[in-house]
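Read through the structure below, which is laid out as structure tokens, and then see the notes.
The values are calculated or read from the model by the stated rules, or taken from the named source; none is laboratory data. Just so you know, these numbers come straight off a predicted model, no measurement behind them. Cβ atoms come from the backbone with ideal geometry, glycine included; neighbour counts cover every protein chain shown. The protein model used for the area step is the full one, side chains on, heavy atoms only, and it has no ligands, DNA or RNA in it. Shrake-Rupley method; radii C 1.70, N 1.55, O 1.52, S 1.80 Å.
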Amino acid sequence: MKRGVAVLTFPGSNGDTDALHAFQDQVGIAAELVDYRATSLAGFDAVVLPGGFSYGDYLRCGAIACFSPVVDALRAFALRGGPVLGICNGFQILMEAQLLPGALLKNQSLEFRSEWLHVRVESGNTPWTAAVKEREVLTLPVAHGLGNYYADPNTINRLREGARIIFRYCSATGEVDSDSNFNGSADNIAGICNAGRNVVGLMPHPERASDPLLGPTDGARLLRSIEMFLAVTA
Amino acid sequence: MTEMVWRVELVVLPKDGVNDPQGEAVKGGLDKLGHRTIERVRVGRHLQLDIRGTSESDVRAQVNLMAVQLLANQVIEQSSISAMSVLKSGEATG
């Protein structure tokens, strides 16, 4: 392994130090904050786009962040198969940058929802799910006003057929139903991956479910996946 | 070629078929105020761009490209120019 995980920081990102702490202190893997003006991601093994309100959500969430110099480096990194994880606003940036399909609308309830909930792991085989099993139920927090995943029916079919829906909102016992779909997302989608399966985006915050001092730690297990993945592939 | 400055009013709205909870909430509010005649509300954005161009079609082409590249999310939004007018007649630059 080289430099470990690059946690990108945009103006308005607020989940960057939480992610850094989770990787360094809970998972025990090298991680660094990388400024949005950086033009290279050389030497890093994985990249994380953290949560927050980059550029104040101006125009659309994540729209302006796409034009940061570091996103050019990110595209090349992703094209070469490098593992990329987008958390919440990070997921939004990945979609605006067209590294993941679809878009995020306002939550059906129009409320900003900040709460613990459950997601089911629908599909593995990504660098970010190596430590969890398919059909496992994870307890994670969400905190967003625009998490309502939308894509046209053809895209949703492609995601289903390609096993690219990675996480779905579910009940505590793993039922994927309308009751557990708290934000109106198509097909209860909480996270997806790209065709190459190296880029994953999800709305819940694994970095906020990593420290036993603060509550459930299923998030640390997700993040530990990248350490397992890198150990095997390095 | 003479370059002029055009003021373009661009309207960005959710595509038909995309759920618009904001629009539904606004409709609900109007309904509570006693306005029962509303069939549908869609909420979007209005951008005003002052653009240099050589002709109306030149400016329209520029704006359409900008809409695709940034101003409207092509997955969930549609955009249209609702009005455009010459702000400043230019001097010949040819």
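Data table
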read-out: Protein-protein interface of segment A:148-176, residues with accessible area decrease of at least 50 Å², isolated chain reference, 1.4 Å probe; value: A:Y150
read-out: Length added when fully stretched, A:A30-A:D177, from 0.36 nm per residue minus Cα-Cα; value: 49.1 nm
read-out: Distance in nm between pseudo-label sites at B:K15 and A:N14 (7 Å out along the Cβ direction from Cα); value: 3.2
read-out: Probe 1.4 Å - accessible area at A:L41, Å² to nearest ten; value: 10
read-out: Probe 1.4 Å, accessible area per residue of segment A:1-78, Å²; value: 39
read-out: A/B buried area, accessible surface, summed, 1.4 Å probe, Å²; value: 1300
read-out: Projected area averaged over orientations for the protein assembly as shown, convex hull of C-alpha atoms, nm²; value: 19.9
read-out: Carbon + sulfur, % of accessible area of the protein assembly as shown - ligands and nucleic acids excluded, 1.4 Å; value: 51
read-out: Most to least packed among A:182-193, B:32-43 [average Cβ atoms within 10 Å]; value: A:182-193, B:32-43
read-out: FRET efficiency for B:H46 and A:R135, using Cβ-Cβ distance with R0 set to 41 Å, rounded to 0.05; value: 0.30
read-out: Scattering profile of segment A:93-234 at q = 0.21 Å⁻¹ [log10 I(q)/I(0), Debye over alpha-carbon scatterers]; value: -1.42
read-out: Candidates A:T126, A:T39, A:T173, ranked by Gaussian network fluctuation over chain A, Cα under 10 Å, top entry; value: A:T173
read-out: Per-residue mean of C-beta atoms belonging to partner chains within 10 Å, peptide B:71-78; value: 5
read-out: For A:A190, distant residues with modelled amide H under 5 Å away; value: A:F167, A:R168, A:Y169
read-out: Using alpha-carbon coordinates, inclination of helix B:56-66 to the longest axis of chain B, degrees; value: 60
